[in-house]
1. Evaluate region 80-89: report whether one residue or more is surrounded by 24 or more Cβ atoms within 10 Å (Cβ to Cβ), outside the structural domain of residue 250 (by TED's automatic domain parsing) and closer than 28 Å to residue 319 by Cα.
2. Would you call residue 242 crowded, with 22+ Cβ neighbours inside 10 Å and under 21 Å from the mean Cα position of the chain (by Cα)?
3. Got a sec? Which of 61, 69 is farther than 16 Å from residue 285 by Cα, in contact with a helix residue (DSSP H, G or I) (Cβ under 8 Å, 6 or more places away or on another chain) and touching a residue at least 12 places away in the same chain (Cβ under 8 Å)?
4. Could you please let me know if residue 141 is under 22 Å from residue 208 (Cβ atoms) and surrounded by fewer than 23 Cβ atoms within 10 Å (Cβ to Cβ)?
5. Restricting attention to helices (runs of 4 or more DSSP H) lying wholly within region 26-120, give those where 1 or more residues are more than 22 Å from the chain's Cα centre (by Cα).
6. Could you list all residues from region 331-356 that are assigned to a loop (DSSP other than H, G, I, E, B), at pLDDT 95 or above and touching a helix residue (DSSP H, G or I) at 6+ places or on another chain (Cβ under 7 Å)?
7. So, of the residues in region 288-306 that are in contact with a strand residue (DSSP E or B) (Cβ under 6 Å, 6 or more places away or on another chain) and either under 21 Å from residue 111 (Cα atoms) or without any contact (Cβ under 8 Å) to a residue 12 or more places away in the chain (or both), which turns out to be surrounded by the most Cβ atoms within 10 Å (Cβ to Cβ)?
8. Out of the residues in region 121-130 that are outside any helix (DSSP H, G or I) and touching a helix residue (DSSP H, G or I) at 6+ places or on another chain (Cβ under 6 Å), state the one that is farthest from residue 306 (Cα to Cα).
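The values are calculated or read from the model by the stated rules, or taken from the named source; none is laboratory data. No experiment lies behind these values; they were computed from the predicted model shown. Cβ coordinates were reconstructed from backbone atoms using ideal geometry, including for glycine residues, and neighbour counts include every protein chain displayed.
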């Protein structure tokens, strides 16, 4: 099966919520069968997830799985409505910010480390105490660029986005998407006092904004801009580059020389979940080297288990960073700094940056 497109890797889709039945389950709605484990995930790459993880898990354990899909925000809203009573979801695969937001609202329970032995096998950043559930994949922020116009050294410098030579030929993410906050924090850490110095970041971005062609809000926007030659470079997650590089386009992706941040996708168990033991078995399987290798190959996920094999398509973009992103200079952001300030920072970004 062919690997997924960058849109499936990142979680920026605005597709409607849906439910897909897998492993012989009925399609009458999530949680319809008391003997079925319900896994909630992103609304893209579901077939790849089934082949890489769902079917092998069912074969290994005998536990049937139904997959419910939807955006981060929609799925979290459904948990809020349930308020810990029969949430009809046993495992939620969700991006880190929304995982933290859900924790703040009491929607997730702590995963029992003793029931998930593969926690001992994964990287330290994937099992941060700030989250009730582990990371199973991650995304790196950096710059996607046209090699005929921009050098790797230029692409690694945040000041590229304020360079008048490239005015009108650059794109950056809106703060509302995953790469957006990583970018704000990267600039804040490099040019200011730290990753949460948004005053410096917004002032800097505001001064650069007149030269930015577009502040994008989806992966397709930025990949179309660069593949069609409308821009020379854009801040982007590594997954945006995978298919473009594999297709032989004259593009590359590089990590920033400073202010390098990554986002994670987490495996969380909702409060009130009906099948906690099976959920922890699923999370343990998901973190194992076999599933991590298959996810990297079929879904395009960067693995958190160091024993997983990483396909050439991913290393062609990120190189050795995939073996140890922390050693390569990448950090995660503290959700305690982001959740309380989110609405304020989104409003300020609109006033102080994109309105320029």
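1. No, every residue in region 80-89 fails to be surrounded by 24 or more Cβ atoms within 10 Å (Cβ to Cβ), outside the structural domain of residue 250 (by TED's automatic domain parsing) and closer than 28 Å to residue 319 by Cα.
2. Criteria met by residue 242.
3. On the way: 61 fails: farther than 16 Å from residue 285 by Cα.
Just a single option satisfies the conditions, and that option is 69.
4. So residue 141 does not fit the description; no.
5. Of the helices (runs of 4 or more DSSP H) lying wholly inside region 26-120, those with at least 1 residues that are more than 22 Å from the chain's Cα centre (by Cα) span 55-61, 72-82.
6. 332, 333, 339
7. The first filter runs over region 288-306 and keeps only residues in contact with a strand residue (DSSP E or B) (Cβ under 6 Å, 6 or more places away or on another chain), leaving 292, 296, 301-302, 304.
Then drop every residue that is not either under 21 Å from residue 111 (Cα atoms) or without any contact (Cβ under 8 Å) to a residue 12 or more places away in the chain (or both), which leaves 292, 304.
Working: 292: 29, 304: 26.
By that ranking, first place goes to 292.
8. Only one residue tops the list, namely 130.
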